[in-house]
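Chemist: Shown below is the structure under consideration.
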Amino acid sequence: METIRGKTSLNMNSTELYARLAKYKRISLDLGTGDGKFAFCHAQTFPSHFIIGVDSCRENLHTYSRTNVPNLLYIIANAQSLPHELHGRISHVTINFPWGSLLSSLLENDPKLICGLESILGSGAQLEVRLNGGALSEQGWSLESGAERIFQNLELAGWHLNTPVHMDAHALRNFPSTWAKRLAFGRDPRAIQISANLK
């Protein structure tokens, strides 16, 4: 499994990973973490949680992965092919403002993504997906219709879903991610949050 620290890639085996995770009861994974800011902020806010940021683009992670935070790890991986070392270890997944192939997989109910998520999660795991209108528009969906499609796909996959929550410009400004701040001051400062529990 490839991890990253600054501009240095490091291979980590399952023994090393499990040693890092051993004292943490809650292990959260931020899928499509981008520059890693959300994972970094989450790790600092919740020192009793272990946070893993996953993204396929290593260049975006150079800044936040340099930090020496004991409960934070960044992994280079594709969302549709998550490392087997994570299987059954994750208690909480966030997907914040996905775009590109990650968003397409959510819209298309891609079995590689859905089965991959199920494989890494422990019983009673939680999922939070935050969607923005601009990214959905690029794929031919409105914010509402795209969110409804993803909601239905997750329901079909066996998730127990809560009522979606709308995020306005104020909520986006206060959300700890680089992309949320850009959305808050953009032309369409709206997003929808979908939360679910694994049945």
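Chemist: Rounded to a whole number, what % of the accessible area of the chain do carbon and sulfur atoms account for, probe 1.4 Å?
Modeler: After summing per-atom areas, the C and S share lands at 51 percent.
Chemist: Magnitude of the Cβ-charge dipole of region 83-199, K/R +1 and D/E -1, about the Cα centre, nearest 20 debye?
Modeler: For region 83-199, the charge dipole is close to 340 debye.
Chemist: Sticking with this structure for a sec: What does the helix-only formula give at 222 nm for the chain: each DSSP H stretch with n ≥ 4 adding -39500 (n - 2.57), the total divided by the residues, and the result rounded to the nearest 500 deg cm²/dmol?
Modeler: -9500 deg cm²/dmol
Chemist: Pull out a ≥ b ≥ c, the square roots of the eigenvalues of the alpha-carbon gyration tensor of region 1-87, then state rounded if a/c is under 1.5, prolate if not and a/b is larger than b/c, and oblate in the remaining case.
Modeler: Judged from the Cα gyration tensor, region 1-87 comes out rounded (a/c under 1.5).
Chemist: Determine ³J(HN,Hα), in whole Hz, for all residues of region 19-25 in sequence, where each value follows from phi through the Karplus function 6.51 cos²θ - 1.76 cosθ + 1.60 and θ = phi - 60°; x replaces Gly and Pro.
Modeler: 5, 5, 8, 3, 8, 9, 7
Chemist: Now a separate question. So what's Rg/Rh here for region 78-142, counting alpha carbon atoms and using the Kirkwood radius for Rh?
Modeler: 1.00
Chemist: Which angle from 0 to 90°, rounded to the nearest 10, does the C-alpha axis of helix 111-120 make with the longest principal axis of the chain?
Modeler: The two axes meet at around 50 degrees.
Chemist: For region 26-31, just list the computed ³J(HN,Hα) in residue order, Karplus coefficients 6.51, -1.76 and 1.60, θ = phi - 60°, integers in Hz, with x standing in for Gly and Pro.
Modeler: Listing the rounded values in order: 10, 10, 10, 10, 9, 8 Hz.
Chemist: Compute the orientation-averaged projected area for the chain from the convex hull of its Cα atoms and round it to one decimal in nm².
Modeler: For the Cα atoms of the chain, the hull's average projected area reads 10.2 nm².
Chemist: Given the C-alpha centroids of region 23-38 and region 49-89, what is the distance between them in whole angstrom?
Modeler: After rounding, the separation between the Cα centres reads 7 Å.
Chemist: Run the dipole for the chain about the Cα centre, Lys and Arg Cβ at +1, Asp and Glu Cβ at -1, nothing else charged, and hand back the magnitude in debye, nearest 20.
Modeler: That gives the chain a dipole magnitude of about 700 debye.
Chemist: Which ³J(HN,Hα) values, rounded to whole Hz and listed in residue order, are derived for region 126-137 from phi using the Karplus coefficients 6.51, -1.76 and 1.60 in 6.51 cos²θ - 1.76 cosθ + 1.60 with θ = phi - 60°, glycine and proline given as x?
Modeler: Values per residue, Gly and Pro as x: 10, 9, 10, 10, 10, 10, 10, x, x, 5, 5, 4 Hz.
Chemist: Relative to the present Cα-Cα distance, how much length would full extension add between SER48 and HIS166 at 0.36 nm per residue of separation?
Modeler: Here the answer is 39.6 nm.
Chemist: While we're looking at this one, here's another question. For region 34-74, what is the accessible area per residue in Å², given a 1.4 Å probe and the full set of protein chains?
Modeler: Ligands and nucleic acids excluded, the figure is 44 Å² per residue.
The values are calculated or read from the model by the stated rules, or taken from the named source; none is laboratory data. It should be emphasised that the depicted structure is a prediction, and the values quoted were computed from it without experimental measurement. Every residue, glycine as well, gets a Cβ built from its backbone with ideal geometry; the counts of neighbours run over all protein chains shown. Heavy atoms of the whole protein, side chains included, go into the accessibility calculation; ligands, DNA and RNA do not. Shrake-Rupley method; radii C 1.70, N 1.55, O 1.52, S 1.80 Å.
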